[in-house]
Protein chains: 2
Amino acid sequence: MKIDHIGIAVRSIERSLEFYREVLGAAPSRRVVVAQEGVEAAMLPAGGPRIELLQPAAADSPLARFLEKRGEGIHHIAVEVDDLDAAAAAVRRSGRRLVTDEIRIGAENYRYVFVHPKDAGGVLLELIEPLARQSAGKAAR
Amino acid sequence: MKIDHIGIAVRSIERSLEFYREVLGAAPSRRVVVAQEGVEAAMLPAGGPRIELLQPAAADSPLARFLEKRGEGIHHIAVEVDDLDAAAAAVRRSGRRLVTDEIRIGAENYRYVFVHPKDAGGVLLELIEPLARQSAGKAAR
């Protein structure tokens with residue numbers, strides 16, 4: 001188990017960056033829009049797992065609904081796994097749900113799927129697998 | 001900025017460990033009771049920042065109130081800083097609040113203080129400094 005990043009839901013990335021700059025001296029390495037999730041993201045390098053600030057890019061996005069319901073705060077934890085297909089199958093086999101059964105490809109060159117927080121002790125847990133490793137694995141089989 | 005651990009509020013460490021074992025193959029390295037915070041904690045090593053499962057050890061603890069209000073889920077992020085006294089002073093100087101002004105010593109040999117979530121974009125942010133480094137720093141001054 002290796003934590004890749006922690007996602008934090010914010011109303012304004014700009015305003016939030018002020019906090020991380022002033023309190024932790026952190027600055028974003030990258031900003032991307034992830035259209036399929038309706039979010040804009042800023043990545044804060046942290047010498048290991050990053051902090052991902054997430055701001056809604058669409059009013060009807062799950063992130064916009066999260067902010068409406070819970071306000072700003074920690075949104076999800078992303079953990080890297082060796083084999084995402086196997087991990088997703090294991091979740092389903094154990095009777096737990098995924099948020100979507102379909103595995104998606106993110107803006108940062110990894111495949112991902114979310115375990116449903118109702119089956120993960122209230123944590124929105126993202127399972128990810130870097131694409132490069134996945135291709136290497138497939139080639140070796 | 002370096003993330004040290006992610007704290008997750010759970011009603012039962014035992015039940016929660018089942019999830020982390022089955023889905024992520026993770027097992028706890030250590031269990032401690034932190035009397036001053038009214039919590040019992042289990043640490044899950046994650047090849048970098050750990051996951052800290054937190055269960056109330058006292059009915060009137062802040063963690064018990066968190067669970068009552070928000071249910072199980074991600075509770076806090078702990079970030080290691082170089083100089084905790086300077087970081088805490090910077091937070092106060094910027095007009096932001098700490099949960100307690102007093103810096104405490106944790107069960108795992110570090111000093112810590114929490115930034116108030118209302119002043120940290122809804123995130124309960126723990127600032128920590130390992131005790132060994134702090135002694136070394138003080139000795140060098």
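The values are calculated or read from the model by the stated rules, or taken from the named source; none is laboratory data. Predicted model, so just to flag it, every value in this text is computed and none were measured. Please note: Cβ atoms are built from the backbone with ideal geometry, for glycine as well, and neighbour counts cover all protein chains shown. Just the protein is used for accessible areas: all its heavy atoms, side chains included, with ligands, DNA and RNA removed. Shrake-Rupley method; radii C 1.70, N 1.55, O 1.52, S 1.80 Å.
A few notes on this one:
- Around the amide H of residue B:110, modelled in the peptide plane, lie the amide H atoms of B:131, all under 5 Å away and 5 or more residues distant in sequence or on another chain.
- Computed packing ranks the peptides B:103-111, A:111-119, B:4-12 as B:4-12, A:111-119, B:103-111, most packed first, by mean other Cβ atoms within 10 Å.
- Taking amide H as placed 1.01 Å from N in the peptide plane, residue B:75 has its amide H under 5 Å from the amide H of B:7, B:8, B:9, each at least 5 places away in sequence or on another chain.
- Residues of segment A:1-25 with amide N under 13 Å of a point placed 7 Å along Cα→Cβ from residue A:33: none
- Pseudo-label separations to other copies for residue B:35 - Cα-to-Cβ vector, 7 Å, nm: 6.0
- Shortest-first distances to equivalent copies, position residue B:2, nm, label 7 Å out along Cβ: 1.7
- Karplus-derived 3J(HN,Hα) values for segment A:122-130, using 6.51 cos²θ - 1.76 cosθ + 1.60 with θ = phi - 60°, are x, 9, 7, 9, 9, 9, 10, 9, x Hz; glycine and proline are entered as x.
- In this assembly, the A-B interface accounts for approximately 3100 Å² of buried accessible surface in total, computed with a 1.4 Å probe and without ligands, DNA or RNA.
- Across segment B:105-117, coupling constants 3J(HN,Hα) worked out from phi with the 6.51/-1.76/1.60 Karplus curve, θ = phi - 60°, read 10, x, 6, 10, 6, 9, 8, 8, 8, 10, 7, 5, x Hz, and Gly and Pro carry x.
- Peptide-level mean, for A:19-29, of C-beta atoms on other protein chains within 10 Å: 5
- For segment A:42-141: rounded, prolate or oblate by the Cα gyration tensor [a/c cutoff 1.5]: oblate
- Averaged over the residues of B:73-80, the number of partner chain Cβ atoms lying within 10 Å of the residue Cβ comes to 5.
- Residues whose amide H comes within less than 5 Å of that of residue A:30, counting only those at least five positions distant or on another chain, are A:43 (H built at 1.01 Å from N in the peptide plane).
- In order along segment A:5-17, the phi-based Karplus estimate (6.51 cos²θ - 1.76 cosθ + 1.60, θ = phi - 60°) of 3J(HN,Hα) comes to 7, 10, x, 10, 7, 10, 7, 9, 4, 4, 5, 5, 4 Hz; Gly and Pro are listed as x.
- Cα→Cβ-extended label distance, 7 Å offset, between residue B:58 and residue B:92, nm: 2.4 nm
- Inter-label distance for residue A:118 and residue A:11, nm, one decimal - labels placed 7 Å from Cα along Cα-to-Cβ: 2.9 nm
- Relative contact order of chain B, pairs being alpha-carbon contacts under 8 Å that are 6 or more residues apart, as %: 23 percent
- On Cα atoms only, tilt of B:84-93 relative to the major axis of chain B in degrees: 80 degrees
- Accessible carbon and sulfur surface of the protein assembly as shown relative to its total accessible area, %, 1.4 Å: 50 percent
- The distance between label points at residue A:2 and residue B:100 comes to 3.7 nm (points 7 Å beyond Cα on the Cα→Cβ vector).
- Per residue, segment A:81-141 exposes an accessible area of 51 Å² to a 1.4 Å probe, with every protein chain left in place.
- Packing-based order for A:29-42, A:48-61, using average beta carbon neighbours within 10 Å, highest first: A:48-61, A:29-42
- Rounded accessible area per residue of segment A:1-74, 1.4 Å, Å²: 46 Å²
- Summary for residue B:99: label point 7 Å along Cα→Cβ; distances to the equivalent points in the other copies, ascending, 2.5 nm.
- Taking every residue in A:122-131 and counting other chain Cβ atoms within 10 Å of its Cβ, the average works out to 3.
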